[in-house]
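Asker: The structure is given below, and queries will be raised subsequently.
The values are calculated or read from the model by the stated rules, or taken from the named source; none is laboratory data. Small disclaimer: the values here were computed from a predicted structure and weren't measured. Cβ coordinates were reconstructed from backbone atoms using ideal geometry, including for glycine residues, and neighbour counts include every protein chain displayed.
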Amino acid sequence: MSALPFLPFSRPTIDEDTIAAVGEVLRSGWITSGPKVQAFEAQLSDYFGGRPVRTFNSGTCTMEIALRIAGIGPGDEVITTPISWVATANVIIEVGATPVFADIDPVTRNIDLDKVEAAITPRTKAIIPVYLSGLPVDMDRLYAIAKKHNLRVVEDAAQAMGSKWNGQRIGAFGDFVSFSFQANKNLTTGEGGCLVLNNADEARLAEKYRLQGVTRSGVDGIDVDVLGGKYNMTDITAAIGLGQMKTIDKVNAHREQLARKYFECFGDEFEAQTGAQLPQQAFGSSNWHLFQIILPDQGEGTRANFMTRLQKEFNIGTGYHYAPIHLFTMYRARGFKEGMFPVSEKIGRLTVTLPMFYEMTLADVERVVAAVKQVLAK
Ligand SMILES: *Cc1c(COP(=O)(O)O)cnc(C)c1O
């Protein structure tokens, strides 16, 4: 058992100024959606090159609302990846459409765009790519496919706040782009999310869908013309977001330093010596939301043994992102089964997320790598 303190795989950092700002909101008499939400949305819009942005209470409803704005529903197919948080596929079912999976690329671990093209049918209406660990897909290719087949794109950029493609921020271009501010994400508000939209009409619709479909006018005018839900962000939450906007670029730069240190400590021989697989060295592109390695396959229990040993012998926490969605009971009931997406199934069984968060030090990385090497050595 390690004498060192527990090192979790993720931990949020909320600075004292942000905590004070939340206190101010609580004392202000206005704690639901108000001026802080508007200010947060304005800052997010600036961050994403001036595109319209609306905030919500999760990075799940953002995607559901994007699908609704696109008019996607029963009879429509939406293509996505099996390796994501289950929210990504659930929202497709939520709007009454049919989820269609395309397997992932073994190197990027993101949806394989060749397989996306192969999965397109006359009923396909949209693609939901996921930027796992903050690594974008080939965005030029993605939008070329969407254009060619006349498809909408709802980018699940939940993990990609501050990631870039050819120097441009994810969210600053493209179709719908959805971000999550859940506690583990690079920018967090506890829970929350935002959706980048294409124009003012879509933004108005997003406002309706997030608040019961209501439109207000004049002094006491109110109407409801679409079925909305209750998805608005509060000013308490937005105050946290405003505090986090000040540090996001610093946070991402530090994560990049940690990632460089990981590669340096693992060294060039690590993969050949252990049979494990490191992530792509996507510097300048990924925001290093997660640092994930694929374990060498030692049969059933490979990952559970690895995670247990890191925890028990080294006091280091790990995670797994993600179990393949198509093998969950609810998806099996829709006809999905083992063998359909072999790359996803293998990576879903062997992927492990190592610690990566703002307050981690380079010495913490050394500690993790030494422990991983020791566990894989025997
Ligand atoms: C976090 C996450 C979500 C869901 O976001 P919530 O804010 O928790 O609803 C969806 N997709 C991916 C890839 C995520 O990482």
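Asker: So which of THR18, THR60 ends up being within 16 Å of the ligand (Cβ to nearest atom) and among the hydroxyl-bearing types (Ser, Thr, Tyr)?
Answerer: Values: THR18 fails: within 16 Å of the ligand (Cβ to nearest atom).
THR60 is the lone residue from the list that is within 16 Å of the ligand (Cβ to nearest atom) and among the hydroxyl-bearing types (Ser, Thr, Tyr).
Asker: How many residues does the range 343-378 hold that are basic (Lys, Arg) and not in a helix (DSSP H, G or I)?
Answerer: Restricting attention to the range 343-378, the residues satisfying the condition of being basic (Lys, Arg) are 346, 349, 367, 373, 378.
Filter again for not in a helix (DSSP H, G or I), leaving 378.
Within the range 343-378, residues that are basic (Lys, Arg) and not in a helix (DSSP H, G or I) number 1.
Asker: Considering GLY190, GLY162, GLY167, which residue is assigned by TED's automatic domain parsing to the domain that holds VAL78, within 13 Å of the ligand (Cβ to nearest atom) and on the phi > 0 side of the Ramachandran plot? Break it down into steps so the answer makes sense when it comes.
Answerer: On the way: GLY162 fails: within 13 Å of the ligand (Cβ to nearest atom); GLY167 fails: within 13 Å of the ligand (Cβ to nearest atom).
The conditions single out GLY190.
Asker: Let me confirm something: among VAL154, VAL130, which residue is within 15 Å of the ligand (Cβ to nearest atom), modelled with pLDDT of 95 or more and in contact with a Leu (Cβ under 7 Å, 6 or more places away or on another chain)?
Answerer: Working: VAL130 fails: in contact with a Leu (Cβ under 7 Å, 6 or more places away or on another chain).
Unique residue meeting the criteria: VAL154.
Asker: Within the range 167-200, how many residues are closer than 18 Å to PRO129 by Cα and in a strand (DSSP E or B)?
Answerer: Qualifying residue count, the range 167-200: 11.
Asker: Just to verify a result, which residue in the range 73-93, among those that are touching a residue at least 24 places away in the same chain (Cβ under 8 Å), surrounded by fewer than 22 Cβ atoms within 10 Å (Cβ to Cβ) and in a loop (DSSP other than H, G, I, E, B), is farthest from the ligand (Cβ to nearest atom)?
Answerer: Selected residue: GLY75.
Asker: Let me ask something else. Quick check: is even one residue across the range 280-303 touching a residue at least 60 places away in the same chain (Cβ under 8 Å), under 28 Å from THR88 (Cα atoms) and in a helix (DSSP H, G or I)?
Answerer: Among the residues of the range 280-303, not one is touching a residue at least 60 places away in the same chain (Cβ under 8 Å), under 28 Å from THR88 (Cα atoms) and in a helix (DSSP H, G or I), which makes the answer no.
Asker: Would you call GLY229 assigned by TED's automatic domain parsing to the domain that holds GLU94 and in contact (Cβ under 8 Å) with a residue 60 or more places away in the chain? Reasoning before the result, please.
Answerer: Numbers: assigned by TED's automatic domain parsing to the domain that holds GLU94: yes; in contact (Cβ under 8 Å) with a residue 60 or more places away in the chain: yes.
Yes, satisfied.
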